[in-house]
1. For the structure I just gave you, tell me whether Gly55 is within 16 Å of Phe149 (Cβ to Cβ), touching a helix residue (DSSP H, G or I) at 6+ places or on another chain (Cβ under 9 Å), buried (at least 20 other Cβ atoms within 10 Å of the Cβ) and among the small types (Gly, Ala, Ser).
2. Sort out which residues of the range 268-309 are among the basic types (Lys, Arg) and either in a strand (DSSP E or B) or touching a strand residue (DSSP E or B) at 6+ places or on another chain (Cβ under 6 Å) (or both), and write them in order of number.
3. What number of residues in the range 210-266 are aliphatic (A, V, I, L, M) and part of a helix (DSSP H, G or I)?
4. Here are the criteria: (1) at pLDDT 90 or above; (2) within 17 Å of Arg32 (Cα to Cα). Tell me which single one Leu118 does not satisfy.
5. How about the range 172-190: which of its residues are without any contact (Cβ under 8 Å) to a residue 12 or more places away in the chain and buried (at least 16 other Cβ atoms within 10 Å of the Cβ)?
6. Mind listing whichever residues of the range 265-312 are free of Cβ contacts under 8 Å to residues at least 40 places away in the same chain and surrounded by fewer than 22 Cβ atoms within 10 Å (Cβ to Cβ)?
7. Could you look through the range 64-95, keep only residues that are at pLDDT below 90 and of a type in the set (Val, Ile, Thr), and pick out the one that is surrounded by the most Cβ atoms within 10 Å (Cβ to Cβ)?
8. With the condition kept exactly as written, say whether any residue in the range 333-344 is under 22 Å from Leu206 (Cβ atoms), of a type outside the set (Val, Ile, Thr), surrounded by 14 or more Cβ atoms within 10 Å (Cβ to Cβ) and in contact with a helix residue (DSSP H, G or I) (Cβ under 6 Å, 6 or more places away or on another chain).
Amino acid sequence: MYKTHNAATVHSAQNALSQKLIMLVDDDPIFRRITTGYLEAQGYKVTEAENGLEGLKQLRVEQPDLILCDLSMPVLDGIEFVEEVSLEYPSLPLIVVSATDEMSDVAKALRYGIKDFLPKPIGDHQNLSDAIENTLDDSFDHMSDQRDFSTQWFRVDGGGDLPEEQELHWHLEYLQNNPSAAKDLLHALLPDKDTSQGVWKCNYRLLQSTEMMPLVFDYAWLMNGQFAFYLVDSSSDDERGVATTLLVRALFHDYLRNLKCFNADLKDIADIVEKGIACSECASPIKALFGIADLSEGTVSILPAGLDGQWSNGYQSQHIPGGVRLGENCAKNFVTASLPINTACQLSLSKLGTSSFSLDIYQGGSA
C-alpha cells in the first residue's frame, strides 16, 4: 500500500526535488514525452536520450541523480547500457522501465545492481513516483551502493527491522500472479556457479524441473575468509514463496553488510530473517538451509530450516535433518557445527523427481 499525500506535502516534496535531475533513456518518443511531462509536473528536471550510446555521451557532460532506461533499444541496448553505467558510475542509481515479457532480461539487469524495475506501459504513474522517491531516498545512505533491488523493495533497515509503513511495491503481486515471470526472475538471480578466494574454491550444481518454482541458492565471501550461503525452496509456499525468497535474500545480504565484527553467526542470520518474516505481510514460513564455511579453520557449520541435507568429506558423512521451517523458530533446530573439510567436502540434497543440489568446497584443483 502506498502513502497518501496531501497538497502541502506534495508542494513541499516538489520544492525539495526541484534540483533533482532524471535521465530518461528510451527509443520511444511518445513514452519519453509522456514520462517527461509527468516527471516535470512532479518537480523533477529531465534530460532525454533516445538510445544507450546517446545516454553514455550525455553522462560525460552532466551526471543525473537517477537514470530511467528501457532495455530494448537500438545502437546500444539496455543491458549493455546498464553494464557500462554500473562499471563507470557505480554510485549512480538506475531504474529499468521495460515490457514485462522481458523478465529474463530484467533479471540480467538486476545483477548489475539496478535498484528497481517497472513494466511498460506504466499503468499507474504513482508507482513510478514511489520507485524514484524510494531510490533517491536510499541513495543518500552510504550503504546504498551495496544494496540491490530486493532490499529496495522491502526497505530493509538493518537487523531484520521492516518499517511499519513499508511501501510494498506492485512487483510482489505481479510476480505472484505471473509464475513464469517469477521463475525467470529467480533463475536469473542465481550467482556464478564457480567462486574462489585464495586457495579455496566453491562451486555448486543445481538441477530442477522447469515446472516448479525453483530452489534458490546464494552466497557471499567475508573478509575473514568465511563463505556464507543459503538455500531456499521457493516452491514450499505456493502463495508467498517468491516474496519470502526475495525477503531472505534482502535480509541475508543486509546482515552481512552490517556486521559489527567479522564473524557471521548462523543463529543470528536465522533470527534476523525470521524477524523479517514476522514483520512482513507478504512473507510466510518456508523451507531453507543456512551455512558458513570458516575456511581459515577448514570447517563448515550448517543450520537446517526445513530442508534435509547430506554432508560428506570423503572420509565421513552425516545426514542433516531438516527440522522446522524458516519462520517457525528454526534456531531451535540442531546446528551441525565444525564439520571438517579436509581438502574437499560436499553438501547435497534432493527433492525426489523435482530437483537436486550440491555444493563443493575444496582447495586448489582437488574437487
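The values are calculated or read from the model by the stated rules, or taken from the named source; none is laboratory data. What you are looking at is a predicted structure, and each value in this text was computed from that prediction instead of being measured. Backbone-built Cβ (ideal geometry, glycine too); neighbour counts: all protein chains shown.
1. So Gly55 fails the test.
2. Lys287
3. Adding up the residues that qualify gives 9.
4. Just one mismatch for Leu118, condition (1).
5. None - no residue of the range 172-190 is without any contact (Cβ under 8 Å) to a residue 12 or more places away in the chain and buried (at least 16 other Cβ atoms within 10 Å of the Cβ), so the list stays empty.
6. Within the range 265-312, the first condition is being free of Cβ contacts under 8 Å to residues at least 40 places away in the same chain, and the residues that meet it are 265, 268, 301, 303-305, 310-312.
Residues satisfying the conditions are Asp265, Asp268, Ser301, Gln310, Trp311, Ser312.
7. It comes out as Ile79.
8. Within the range 333-344, none of the residues are under 22 Å from Leu206 (Cβ atoms), of a type outside the set (Val, Ile, Thr), surrounded by 14 or more Cβ atoms within 10 Å (Cβ to Cβ) and in contact with a helix residue (DSSP H, G or I) (Cβ under 6 Å, 6 or more places away or on another chain).
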